[in-house]
Each structure stands twice: as C-alpha cells, then as structure tokens.
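*Asks:* This is the structure I have questions about; it appears just below.
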Amino acid sequence: MHDRKSSYSVQTVEMALEIIELLADGTAEYSISQLAQKMGINRNKAFRLLSTLESRGMVEREESSGCFRLGLTALELSQKILRTASLIKHAHPVMEGLARKHDEAVYMTVIKGDEVVFLDMVDCEQHIKAAPLVGQRFPFFTNAAGKVIKALESRDLLERLFKKKKRKEGLPDLQQLESELDQIRKQGVAVDSGGLGEGIISVAVAVRDYAGKVVGAITLLGPSFRMLTDRLENEIIPSLQEGAELLSAKFGYAR
C-alpha cells in the first residue's frame, strides 16, 4: 500500500511539472483537452492537476478562451531562482578574497521569511572552525546575518512576528531586540556571539541592490578566541564593509 501511494505521489508531481514545462514553452496556450492529449492522460486527471496548480498561482486560465498559461507565481519563482544564482555568481569572488585575507569561513546569506538561509560558502584553512552551514536555516534573531538584514524592518513587523509565533520559548525580549537592531542600523554591521553555537562569533554586513533594497548579507564566522574585539574592529569589519560595497555596486547600488 505504501509503495503504491509513493509511486502515485511521484507520478502526480511529474505530471504537474510536465504541465509547467509545456506552458513555459510560451508558444501557445493550452485547453484542458489539449494538455490531456499531449500528456496521454484523461481529461478529469488533467483538470484536477490544473485546478491544483491554479490554486497556487502556478498556472492561470484565460477567461475568454478557457485556455491555460503560466501563472504569476511560476514567473516570480523563476525570477527568485535567477536572482539567487546571480547573487552567488557575483558574491563568490568577493567571498574568496575575504576568506583568503582573514582565513575564516565566509558565507552569502539571505532571508526567507523569518529565517536566514546560508546559501554559499568559502571555507578557511584553520584546523579549528565551525561545521559548514551551507543550506541550513536559522531564526533571524540568532545570528548577525539575520539581524543586519532585519534591522531595516519596522517595529510593527517585529511585533507581528512575535504575535504569530505560537511557542514563545527561545524568542528574545522584543524591546531588547529592537534596541539591538536600532544600533545595528546606525553602525551598518552586526556582530553576534553564541547564536550559531557555543563559542562562535558571526559578523555580517548587508548587500543592497540598485533600489537600496537589502538582498542578503556577507557573513564571516569564527571561534571567539580568534575573533577578538581589536581584530573585529580594525580588520574584519572594515573588510566586510568594503566587500559588501563592492558587491552592492555590482547590483547597481550607489550611496
């Protein structure tokens, strides 16, 4: 029973993706009957697939003809993928330079909802270092990257975030967090200790696009015994700020 259900689920996903691929061709719109015929399935199955995709905005129905075309959600998703790929492409050389200069792990990080995603990494050659975090997600308030990106958001947004969280354990004090974010906003850099693990310091500077919107953050991680205050203030933070400015310029940002 489990195997049949698993097989059915995979086939359904494959058929849904096939519909998106057909519509992504952009040469024509398809009716339910045309899609069913092209895919070799019955009309009812095609209707159910299209209804599901339509409810998620992946496809849209033309009112006059009843035919389907690719939806706005699918187009927005493709743009996000392109932006992410572009961000990594432009960021990686900057990250390599910072990792070589300071011999510490450097990441490109972005915000997804209320979490930070560690997208790309250039590792250091140190014997003692944090475990790789590529692909991992963390609540924004646990690390420098999340704080420097969220620093531009209003208190109202933070209050709504805290209200929607059903479990309050682990959430910081709102007043204290707002004060910290205000300080980060003024300084243009965030430093966090212990949020990503005991003894780990994270430092982050925001990257902006042509409109001034924050698209991510260059983040450097290291153990606390190497991330001393003097080194942070005189070496690492100025380098990260310079790297973030260089990367922001690639996206058309100018002060």
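*Asks:* Looking at segment 95-146, which of the residues that are out of contact with any strand residue (DSSP E or B) (no Cβ under 7 Å at 6 or more places or on another chain) and aliphatic (A, V, I, L, M) is surrounded by the fewest Cβ atoms within 10 Å (Cβ to Cβ)?
*Replies:* Of everything passing the filter in segment 95-146, 131 is surrounded by the fewest Cβ atoms within 10 Å (Cβ to Cβ).
*Asks:* Then there is this: Has segment 134-151 got at least one residue that is closer than 19 Å to residue 225 by Cα and at pLDDT 90 or above?
*Replies:* The first filter runs over segment 134-151 and keeps only residues closer than 19 Å to residue 225 by Cα, leaving 143-144.
If we keep only those that are at pLDDT 90 or above too, we end up with 143-144.
Among the residues of segment 134-151, at least one is closer than 19 Å to residue 225 by Cα and at pLDDT 90 or above, which makes the answer yes.
*Asks:* Shifting gears a bit: Under 6 Å between Cβ atoms, at least 6 apart or on separate chains: pull out the pairs that start in segment 87-101 with a residue that is free of Cβ contacts under 8 Å to residues at least 40 places away in the same chain and end on any residue that is part of a helix (DSSP H, G or I) and surrounded by 19 or more Cβ atoms within 10 Å (Cβ to Cβ).
*Replies:* Nothing qualifies.
*Asks:* Being surrounded by 12 or more Cβ atoms within 10 Å (Cβ to Cβ), among the acidic types (Asp, Glu) and either modelled with pLDDT under 75 or on the phi > 0 side of the Ramachandran plot (or both) is the filter here, so list the residues in segment 154-190 that pass it.
*Replies:* Of everything in segment 154-190, just one residue is surrounded by 12 or more Cβ atoms within 10 Å (Cβ to Cβ), among the acidic types (Asp, Glu) and either modelled with pLDDT under 75 or on the phi > 0 side of the Ramachandran plot (or both), namely 159.
*Asks:* Another question, then. Could you grab the pairs with beta carbons closer than 6 Å, sequence gap of 6+ or different chains, first residue in segment 179-193 and within 23 Å of residue 223 (Cβ to Cβ), second one among the hydrophobic types (A, V, I, L, M, F, W, C) and assigned to a helix (DSSP H, G or I)?
*Replies:* 184/148; 189/237; 190/144; 190/148; 190/184; 191/144; 192/144
*Asks:* Please state which of the following conditions residue 59 fails to meet, knowing it meets all the rest: (1) open to solvent by 10 Å² or more (accessible area, probe 1.4 Å); (2) touching a residue at least 24 places away in the same chain (Cβ under 8 Å); (3) on the phi < 0 side of the Ramachandran plot.
*Replies:* Tallying (1) open to solvent by 10 Å² or more (accessible area, probe 1.4 Å); (2) touching a residue at least 24 places away in the same chain (Cβ under 8 Å); (3) on the phi < 0 side of the Ramachandran plot, residue 59 fails exactly one: (1).
*Asks:* Cβ-Cβ below 7 Å, separation at least six or inter-chain, first residue in segment 131-144 and closer than 20 Å to residue 104 by Cα, second hydroxyl-bearing (Ser, Thr, Tyr) and assigned to a strand (DSSP E or B): which pairs?
*Replies:* The qualifying pairs are 133/107; 143/202; 144/202; 144/219.
*Asks:* Pull out all pairs, ordered by first then second residue, where Cβ-Cβ is under 8 Å, the residues are six or more apart or on different chains, the first lies in segment 223-250 and is touching a residue at least 24 places away in the same chain (Cβ under 8 Å) and more than 13 Å from residue 188 (Cα to Cα), and the second is in a loop (DSSP other than H, G, I, E, B) and open to solvent by 60 Å² or more (accessible area, probe 1.4 Å).
*Replies:* Once the first residue is touching a residue at least 24 places away in the same chain (Cβ under 8 Å) and more than 13 Å from residue 188 (Cα to Cα) and sits in segment 223-250, its partners that are in a loop (DSSP other than H, G, I, E, B) and open to solvent by 60 Å² or more (accessible area, probe 1.4 Å) give 223/128; 223/129.
*Asks:* Taking the criterion of being closer than 23 Å to residue 249 by Cα and either crowded, with 16+ Cβ neighbours inside 10 Å or under 19 Å from the mean Cα position of the chain (by Cα) (or both), would at least one residue in segment 67-79 satisfy it? Spell out how you get there, then give the answer.
*Replies:* Going through segment 67-79, the residues closer than 23 Å to residue 249 by Cα turn out to be 79.
Applying the additional criterion that residues be either crowded, with 16+ Cβ neighbours inside 10 Å or under 19 Å from the mean Cα position of the chain (by Cα) (or both) yields 79.
Within segment 67-79 (the criterion being closer than 23 Å to residue 249 by Cα and either crowded, with 16+ Cβ neighbours inside 10 Å or under 19 Å from the mean Cα position of the chain (by Cα) (or both)), the answer is yes, since at least one residue qualifies.
*Asks:* Let me ask you something else. Hey, residue 211 hits all of (1) open to solvent by less than 60 Å² (accessible area, probe 1.4 Å); (2) under 26 Å from residue 114 (Cβ atoms); (3) outside any strand (DSSP E or B); (4) aliphatic (A, V, I, L, M) but one; which does it fall short on?
*Replies:* Just one mismatch for residue 211, condition (1).
*Asks:* Criterion first (closer than 22 Å to residue 13 by Cβ, at pLDDT 90 or above and in contact with a Leu (Cβ under 8 Å, 6 or more places away or on another chain)) does residue 105 satisfy it? Reasoning before the result, please.
*Replies:* Details: closer than 22 Å to residue 13 by Cβ: no; at pLDDT 90 or above: yes; in contact with a Leu (Cβ under 8 Å, 6 or more places away or on another chain): yes.
No: the conditions fail for residue 105.
*Asks:* Failed condition for residue 31, given (1) at pLDDT 80 or above; (2) open to solvent by 50 Å² or more (accessible area, probe 1.4 Å), with all others met?
*Replies:* Against the list (1) at pLDDT 80 or above; (2) open to solvent by 50 Å² or more (accessible area, probe 1.4 Å), residue 31 comes up short only on (2).
*Asks:* Testing residue 53 on (1) open to solvent by 50 Å² or more (accessible area, probe 1.4 Å); (2) at pLDDT 90 or above, one condition comes back false. Which one is that?
*Replies:* The one condition residue 53 does not meet is (1).
*Asks:* Mind checking which pairs have a first residue in segment 32-49 that is part of a helix (DSSP H, G or I) and a second that is open to solvent by 100 Å² or more (accessible area, probe 1.4 Å), Cβ under 8 Å, 6 or more apart or different chains?
*Replies:* 32/43; 33/43; 36/43
*Asks:* When residues of segment 14-28 are filtered for being part of a loop (DSSP other than H, G, I, E, B) and either hydroxyl-bearing (Ser, Thr, Tyr) or at pLDDT 85 or above (or both), how many remain?
*Replies:* Step one: filter segment 14-28 for residues part of a loop (DSSP other than H, G, I, E, B), giving 25-28.
Subsequent filtering for residues that are either hydroxyl-bearing (Ser, Thr, Tyr) or at pLDDT 85 or above (or both) retains 27.
Residues flagged as part of a loop (DSSP other than H, G, I, E, B) and either hydroxyl-bearing (Ser, Thr, Tyr) or at pLDDT 85 or above (or both) within segment 14-28 amount to 1.
The values are calculated or read from the model by the stated rules, or taken from the named source; none is laboratory data. These numbers were taken from a predicted model, which means no experiment stands behind them. Neighbour counts are summed over all protein chains in view; Cβ atoms, including those assigned to glycine, are modelled from backbone coordinates with ideal geometry. With ligands, DNA and RNA removed, areas are computed over all heavy atoms of the protein, side chains included. Shrake-Rupley method; radii C 1.70, N 1.55, O 1.52, S 1.80 Å.
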